[in-house]
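The values are calculated or read from the model by the stated rules, or taken from the named source; none is laboratory data. Predicted model only: the values in this text are computed from it and were never measured. Here the Cβ is made from the backbone with ideal geometry for all residues, glycine too, and neighbour counts use every protein chain on show. Calculation scope for accessible area: heavy atoms of the full protein, side chains included, ligands and nucleic acids excluded. Shrake-Rupley method; radii C 1.70, N 1.55, O 1.52, S 1.80 Å.
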Number of protein chains: 2
Amino acid sequence: MLLRMSNLFVRTLREDPAEAEVPSHRLLVRAGYVRRVAPGGYAWLPLGKLVLDRVAAVVREEMAAIGAQEVSLPSLLPQERYETSGRLAAFGDDVFRLRDRRGAGYVLGPTHEELFTLLVKDLYGSYRDYPVTLYQVGTKFRDEARPRGGLLRGREFLMKDAYSFDLDDEGLRRSYDAQREAYIRVFDRLGLDYTIVAAATGAMGGSGSEEFLAPAPVGEDTYVACTACDYAANTEAVTTPAPAADQATRPASTVFDTPGTPTIESLVAYANSVGAGGRTDWTAADTLKNVVLRAGDSLLVIGVPGDREVDLKRVEAALYPVTVELFDDFAAHPDLIRGYIGPQVLAKLGIRYLVDPRVVPGTAWLTGANEPDRHAVNVVCGRDFTPDGTIEAADVRAGDPCPACGQPLALRRGIEIGHIFQLGRRFADAFGLDALGPDGQPVRVTMGSYGIGVSRVVAAIAEQHHDERGLSWPASVAPCRVHVVAAGKGEQAEAAQRLASELASRGIDVLLDDRPGLSAGVRFADAELLGMPLVVVVGRRLAEGYVEVRSRIDNSRTDVPVDEVVELVSTRCGG
Amino acid sequence: MLLRMSNLFVRTLREDPAEAEVPSHRLLVRAGYVRRVAPGGYAWLPLGKLVLDRVAAVVREEMAAIGAQEVSLPSLLPQERYETSGRLAAFGDDVFRLRDRRGAGYVLGPTHEELFTLLVKDLYGSYRDYPVTLYQVGTKFRDEARPRGGLLRGREFLMKDAYSFDLDDEGLRRSYDAQREAYIRVFDRLGLDYTIVAAATGAMGGSGSEEFLAPAPVGEDTYVACTACDYAANTEAVTTPAPAADQATRPASTVFDTPGTPTIESLVAYANSVGAGGRTDWTAADTLKNVVLRAGDSLLVIGVPGDREVDLKRVEAALYPVTVELFDDFAAHPDLIRGYIGPQVLAKLGIRYLVDPRVVPGTAWLTGANEPDRHAVNVVCGRDFTPDGTIEAADVRAGDPCPACGQPLALRRGIEIGHIFQLGRRFADAFGLDALGPDGQPVRVTMGSYGIGVSRVVAAIAEQHHDERGLSWPASVAPCRVHVVAAGKGEQAEAAQRLASELASRGIDVLLDDRPGLSAGVRFADAELLGMPLVVVVGRRLAEGYVEVRSRIDNSRTDVPVDEVVELVSTRCGG
């Protein structure tokens, strides 16, 4: 393929587009790969479409290699399917809904578990039919509250979604592992740096789940990675090691006046100033903070050490599918004294109480006394209150101990490029997907689902492969392997033309800058902005029989005899 | 590629699916190529997806060959773009609309003229940038009132839509001709029989337009083809040759009583019975039927010879973008006497009157007298009434004269597989798309748009390539070129396996029937249903060293030595 810039539908921009917040977005727009045409909706211009197609091709090859079969389902899906699965409510405003001319309700498919379950139920009946893994590469729609980062979080995007169907847990595990290995090969081939992290199962339900995150400063996902071992997890999925139960005998709890101390900070300062409980070394970690939430239709109080905040994303992941929000209406609950809530009365009030895993039996806390301006010391877990259970609700911080090895965790940011789930039988239960077993008895099928954000992957590659001058595509996804630039006119332009044709005739995809009337400087700047892996510059030394081969990846420059350059470039392109 | 039926996601059905009305739908479902998952929405199963991909690949190759550049635009499009172009109203209920979480209005793109116009405006400025032709292959959505025929008329379908941008009419003509030639190559390669017909421009506006119709009894489009010359046209676009003006001198028109004759039939019978105007040979063709329509906000009367019906599709094509419906509210218009309307009073009533081209000046008619139970004879066009113009409103019939040569026309049915339009400057006007000319003056750009219904083409191929036993794919789109079937087990199955692998290793796509425990009869029936062009049967004569090669296309059967079959099949597959 030989693309000529003189008639290619591409225009490079010197200025950053106003709406672009992140490097990938800025550069993909400036280099003419994509263009915004709607909120969260992008046009792929010819060079961008080539990158997108190359990413999709790698994904398809690796899916085929593990025996996954490609199909294609519609986007406009009857709403009742998502009601049956219970996900219409779970997606809430994130799903686009519409009605047809007869008033029937539809959603624009945000992900297709329901339809794939029904499709397999439709075709398959016997245990002999299983296992099967199906996938599609298609457009997905989500009504994001805040589309951002260009392709990183759009409202319409290209996704590979695969679904595995197995007869038992071991089969599901095998299908899951095959996808996991395929994902590793896909992301390796795409030149992405990535981390596989344990994930919360969130809106998908199910049990085991991992995310593939491409580390990037602009990533929306925060995850932890151990500084010593290979543990990594999404913050929603991090588990907190529980200390051993505290066996010490504690004095009885006592209540004391703490005027004007509704915050942890004011409480600690006051407690130290009066030597509460005979101590003057109180810290926030010695206090028990009780946060009131509305969880679905009920109240819920969560107790965490006072030096931690409650992270609502972690709470929602733990309580899924229940949605939660901070409770604010203390006027309606005179028993709950804002700023002075202690766990001692919650059981009596019939309010569910969950605690951070650090709040183990025997631990003693400085906490509210459920009266205005009063707190209590030596409030002992298991003696003065009994939680209804534990919950991963406290924020995760750099330096927290690794649940695997105890060494400090680091916090990182990444772009979610892939997500693999063991769904289990949730959707098979919802739609009654059974296989007739060898004994004539129905066997409930167990499923996995596996996504790759194909368009987001393009942005993730751009985030990881650029510098201040432009993009720098890995060879596996570059629109063209070689960019041929003539620095001057006349003979140089003719030689460039000739070289480009020769390279193309060897099956190498070539971009030729044959635009008339531009300076060499503009051409070089555009070559760096556009980011093909190799740039062949035909310049002044052509007169001596030399051209220059530049690597966009390592910025090396080599003068090469003009009659050797086709051979050399072919070799470097693996041909 | 080697597909094994033992694990391929396909199930053949012996029974016709209840909802399938047409052969392509019936066979594509029975053979496991597609499956209905929503009203007008189909899942493409693995074999169907392969056919769809092959059709799309041919389209892409021919688009690239004429220099059209591939891009990809979103489906979720801001409604105001379609308001600006005036098409939101024109599409009416045919377009799906929705609101996002903030209440902003969107349409699901039914076709993308607006967005492509804006995209080109966004990137291009100078006359030097032109011409350019862009295209995409993507999902389109239309809220069809009556989705039917499976893939023939869905609500969500795959389409190739291309858009050309030129500086002048001659350029547009060149771009249009290039697309027309590309379409001819595409449909030839796809093995389709098709006719190119002159088309009405309908909802697209613009001037020149042609449709590519694949003749099929189930086709929704009626078109005419001359029995003598090569004239062909969509019925909306057929023109009626006007007879020469009638120079005869006619007696003055006279009104007479015609009690109880509100229909043409009753009028003709009565006129003959009383010898009206001294004649007893009245026929419906001698009467002038006046049909009242509501066209937009106004009334419109259309006059046609009484032996013709008014075809509202032709009227709408002629009056586009005005929508029309039959007028029914005669109570509100006491001046219009239902069943007895004549053109004599329409000018006075201020009602627009258009006539069939056969109603030329000087022709005399038997028509209504605008009084209950009264008609008039010798009502002469140009003397007793003067139409406001002519309109192609009358139904077209087999035997009507060809507008090109005057010989009889035949009526045919076809499937619209492609449509090419010279849009002209309509969208450039709506969005202000100008190129800066060499003299610094803006030049308004002129456009064409060119569609191929990629998913519908799959159905059209199936309509034209099947028999009572199943599908019969042209080699260019068959999922596999060869279907290898072992009639028996043991050695026959092993030999089939081996042959399939050898063929696949030569780059031939092979489908192998390796399903356990089926009779040879079931396998043969499935091979005929699935429709690969060549079937290699490994049966009893394997013992003597022979296998059978069957052509699904001409049903020929040849015994071939087993050690020659790979070579023979490779040759027949062009390898």
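Taken over the range B:74-94, the criterion of being aliphatic (A, V, I, L, M) and out of contact with any Leu (no Cβ under 7 Å at 6 or more places or on another chain) is satisfied by B:LEU88, B:ALA89, B:ALA90.
Here B:ASP509 clears all of (1) farther than 19 Å from B:ASP467 by Cβ; (2) more than 34 Å from the chain's Cα centre (by Cα); (3) modelled with pLDDT of 95 or more except the condition numbered (2). Taken together, the residues in the range A:97-143 that are touching a strand residue (DSSP E or B) at 6+ places or on another chain (Cβ under 7 Å) and either closer than 17 Å to A:ILE417 by Cα or not assigned by TED's automatic domain parsing to the domain that holds A:ASP166 (or both) amount to 9.
Applying the criterion of being acidic (Asp, Glu) and open to solvent by 40 Å² or more (accessible area, probe 1.4 Å) to the residues of the range B:514-547, the residue that is farthest from B:THR12 (Cα to Cα) is B:GLU544.
Scanning the range A:117-128 for residues that are free of Cβ contacts under 8 Å to residues at least 60 places away in the same chain and under 30 Å from the mean Cα position of the chain (by Cα) yields one hit, A:LEU119. On inspection, B:PHE421 fails the criterion of being outside the structural domain of B:ALA199 (by TED's automatic domain parsing), open to solvent by less than 20 Å² (accessible area, probe 1.4 Å) and at negative phi.
With respect to B:PRO387, determine if the residue is touching a residue at least 24 places away in the same chain (Cβ under 8 Å) and open to solvent by 60 Å² or more (accessible area, probe 1.4 Å). Give the derivation first.
Values: touching a residue at least 24 places away in the same chain (Cβ under 8 Å): yes; open to solvent by 60 Å² or more (accessible area, probe 1.4 Å): no.
Considered against the rule, which asks whether it is touching a residue at least 24 places away in the same chain (Cβ under 8 Å) and open to solvent by 60 Å² or more (accessible area, probe 1.4 Å), B:PRO387 comes out as no.
Residues in the range B:11-36 that are within 11 Å of chain A (Cβ to nearest Cβ), surrounded by fewer than 21 Cβ atoms within 10 Å (Cβ to Cβ) and either touching a residue at least 40 places away in the same chain (Cβ under 8 Å) or assigned to a strand (DSSP E or B) (or both): B:THR12, B:ARG35, B:ARG36. Within the range A:44-56, being over 22 Å from B:ARG128 (Cβ atoms) and within 12 Å of chain B (Cβ to nearest Cβ) holds for A:TRP44, A:GLY48, A:LYS49, A:LEU50, A:VAL51, A:LEU52, A:ASP53, A:ALA56.
What single numbered condition from (1) within 24 Å of A:PRO215 (Cβ to Cβ); (2) open to solvent by less than 20 Å² (accessible area, probe 1.4 Å) fails to hold for A:CYS381? Looking at each condition in turn, A:CYS381 falls short on (1).
Step by step: first the residues of the range B:129-161, then only those that are modelled with pLDDT under 95 and assigned to a helix (DSSP H, G or I), then the one that is farthest from the chain's Cα centre (by Cα). Which residue is that? Looking at residues that are modelled with pLDDT under 95 and assigned to a helix (DSSP H, G or I), I get B:GLY150. The residue that is modelled with the highest pLDDT, counting only those in the range B:37-48 that are of a type in the set (Gly, Ala, Ser) and not in a helix (DSSP H, G or I), is B:ALA43.
What do you reckon, is B:GLY277 crowded, with 16+ Cβ neighbours inside 10 Å, on the phi > 0 side of the Ramachandran plot and in the same structural domain as B:GLU316 (by TED's automatic domain parsing)? For B:GLY277, the condition - crowded, with 16+ Cβ neighbours inside 10 Å, on the phi > 0 side of the Ramachandran plot and in the same structural domain as B:GLU316 (by TED's automatic domain parsing) - is met. Annotation note: of A:VAL95, A:VAL51, A:VAL58, the sole residue that is under 21 Å from B:GLU156 (Cβ atoms), surrounded by 19 or more Cβ atoms within 10 Å (Cβ to Cβ) and either free of Cβ contacts under 8 Å to residues at least 12 places away in the same chain or not charged (D, E, K, R) (or both) is A:VAL95.
On the stretch given as the range A:156-172, residues that are open to solvent by 10 Å² or more (accessible area, probe 1.4 Å) and under 13 Å from A:SER455 (Cα atoms) total 4. If the condition is being open to solvent by 30 Å² or more (accessible area, probe 1.4 Å), under 14 Å from B:ASP257 (Cα atoms) and in contact with a strand residue (DSSP E or B) (Cβ under 7 Å, 6 or more places away or on another chain), then the range B:340-377 contributes B:ASP373, B:ARG374. Of the residues making up the range B:484-513, those that are over 21 Å from B:ARG572 (Cβ atoms), in contact with a helix residue (DSSP H, G or I) (Cβ under 9 Å, 6 or more places away or on another chain) and surrounded by fewer than 17 Cβ atoms within 10 Å (Cβ to Cβ) are B:GLY488, B:GLU491. Elements of the type strands (runs of 3 or more DSSP E) sitting completely within the range B:462-575 and holding at least 1 residues that are without any contact (Cβ under 8 Å) to a residue 12 or more places away in the chain: these cover B:557-561.
Yes or no, residue by residue, for (1) among the hydroxyl-bearing types (Ser, Thr, Tyr); (2) within 13 Å of chain A (Cβ to nearest Cβ):
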{"position": "B:VAL137", "(1), (2)": "no, yes"}
{"position": "B:LYS140", "(1), (2)": "no, yes"}
{"position": "B:ARG146", "(1), (2)": "no, yes"}
{"position": "B:LEU151", "(1), (2)": "no, yes"}
{"position": "B:TYR163", "(1), (2)": "yes, yes"}
{"position": "B:ARG173", "(1), (2)": "no, no"}
{"position": "B:ALA182", "(1), (2)": "no, no"}
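Of B:ALA203, B:ALA198, which residue is modelled with pLDDT under 95, more than 14 Å from every other protein chain (Cβ to nearest Cβ) and over 27 Å from B:SER75 (Cβ atoms)? After ruling out the rest, the residue left standing is B:ALA198.
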